[in-house]
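Take a look at the structure set out below.
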Amino acid sequence: MKTRITEMLGIEHPIIQGGMHYVGFAELAAAVSNAGGLGIITALTQSTPELLAKEIARCREMTDKPFGVNLTFLPAFAEPPYPEYIRAIIEGGIKVVETAGRNPQPYMPYLKQAGIKVIHKCTSVRHSLKAEAIGCDAVSVDGFECGGHPGEDDVTNFILLPRAAEELKIPFVASGGMADGRSLVAALALGAEGINMGTRFIATKEGPVHDNVKNAIVAATELDTRLVMRKLRNTERVMMNSGVERLLEIEKQKGDALTIADVYEQVAGVYPKIMRDGEMEAGAWSCGMVAGLIHDIPSVKELIDRIMSQADALINQRLAGLSRA
Ligand SMILES: Cc1cc2nc3c(=O)[nH]c(=O)nc-3n(C[C@H](O)[C@H](O)[C@H](O)COP(=O)(O)O)c2cc1C
């Protein structure tokens, strides 16, 4: 399938794997790129820029296809050495960067000078237009359904995607709630040029996480995520567990007085415990409502091939049949 996104990124299928903390390692990124999508390494999971350089080199050994790096700009209280991470990305020959979080504007000149395509992840039309204005090449439009940080506007993709299509000139992919060929065809119908998936890619054979995480996603329904840290304007959609129950209890008790220190235990240092050690009650980890649509653990190639053949059948059989009727 050819869209503005496949052309821009030099990939076969319009499917991107979003950056994911403690999931976006070289194994997953390479598997997605080898299957014809765009795999993405998550920069900040590597605790230093030197380790990111090694992870990029490791991924290059596993694929000769293009892959990208996610650079998440965290809230101001945490400030990793972004210029050094960017140097590792440029010196590693990366040509696509997914930015997320705060506005990437201060770093745009460095990325653009290096010939890098920048895809900024946005949860609103307002932020998407800003990304377009500062020179981003594309945006990933993340609806309220998404795993991770859906922003504070709570607009679902059925409205957000066509609104983005009304306003944007640069191409965009649909992110949040994407699982299968139905998602891809719906996203294309709403104006997107492809899809970005997070949660769905975790539950794959190559997903470099503990089996407990994959099984928890398969077992979960669309009712099993919760929103946390809303009062801090840092809302995150996470999988329900006893750590999250405790977090929600603290949020209720503290009300408007809540600070990040109050919930530190439930949100800090949780990812390695969950993703690596499979301690599923350890605290808050991002997971999308799309868990309700995830019923198996295929290989990445099986998943991507299935999405593309399902999309093809939908377009050429069901939809074509309806329009002829
Ligand atoms: C476990 C997990 C960790 C994530 N970590 C990050 C991250 O570090 N940076 C980022 O930009 N997005 C992160 N995301 C968001 C994804 O890149 C993607 O936007 C989101 O998962 C899309 O929604 P979906 O899960 O419904 O597919 C994460 C998502 C998950 C599920």
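By its C-alpha gyration tensor, with a ≥ b ≥ c as the square roots of the eigenvalues, how is the stretch 116-208 shaped: rounded for a/c under 1.5, else prolate for a/b larger than b/c, else oblate? Prolate is the answer for the stretch 116-208, as a/c is 1.5 or above and a/b outweighs b/c. Which of the three applies to the stretch 11-142, rounded, prolate or oblate, going by the alpha-carbon gyration tensor with a ≥ b ≥ c and a/c under 1.5 meaning rounded? Cα axes put the stretch 11-142 in the oblate bin. Note on the chain: antiparallel DSSP beta bridges, both residues inside, total approximately 20 percent of the bridges counted. Among the protein heavy atoms of the chain, carbon and sulfur supply 54% of the accessible surface, probe 1.4 Å, non-protein parts ignored. Once the dipole of the stretch 181-325 is set up with Lys and Arg at +1 and Asp and Glu at -1 on Cβ about the Cα centre, which of LEU303, ALA313, MET280 lies farthest towards its positive end? The Cα lying farthest towards the positive end belongs to ALA313.
For ASN103, no residue whose modelled amide H falls within less than 5 Å of its own remains once neighbours fewer than 5 places apart on the same chain are excluded.
Dipole magnitude for the chain: about 640 debye, using +1 per Lys or Arg Cβ and -1 per Asp or Glu Cβ, origin at the Cα centre. The residues of the stretch 261-312 present an accessible area of 44 Å² per residue when probed at 1.4 Å with all protein chains retained. Averaging 1/r across all pairs of distinct Cα atoms in the chain and inverting the result yields a Kirkwood radius of 19.8 Å.
Here GLU166 and ALA133 are evaluated by their C-beta separation; at R0 = 22 Å the FRET efficiency comes out at 0.85. Annotation: CYS59 carries an accessible surface of approximately 0 Å², with a 1.4 Å probe and no ligand, DNA or RNA atoms counted. Pop the C-beta distance of ARG318 and LEU227 into the FRET formula with R0 = 35 Å and round what comes out to the nearest 0.05. E between ARG318 and LEU227, to the nearest 0.05, is 0.55. Per residue, the stretch 59-206 exposes 40 Å² of solvent-accessible protein surface, assessed with a 1.4 angstrom probe and all protein chains in place.
Computed extension gain for ASN103 through GLU245, at 0.36 nm per residue and net of the alpha carbon distance, reaches 47.9 nm. Taking each residue as 0.36 nm, the span from GLU152 to ALA189 lengthens on full extension beyond its C-alpha to C-alpha distance by 10.8 nm.
The values are calculated or read from the model by the stated rules, or taken from the named source; none is laboratory data. Predicted, not measured: the structure shown is a model, and the values here were computed from it. Neighbour counts run over all protein chains shown; Cβ positions are idealised from the backbone, glycine included. Surface areas here come from the heavy atoms of the whole protein model, side chains and all, with no ligands, DNA or RNA. Shrake-Rupley method; radii C 1.70, N 1.55, O 1.52, S 1.80 Å.
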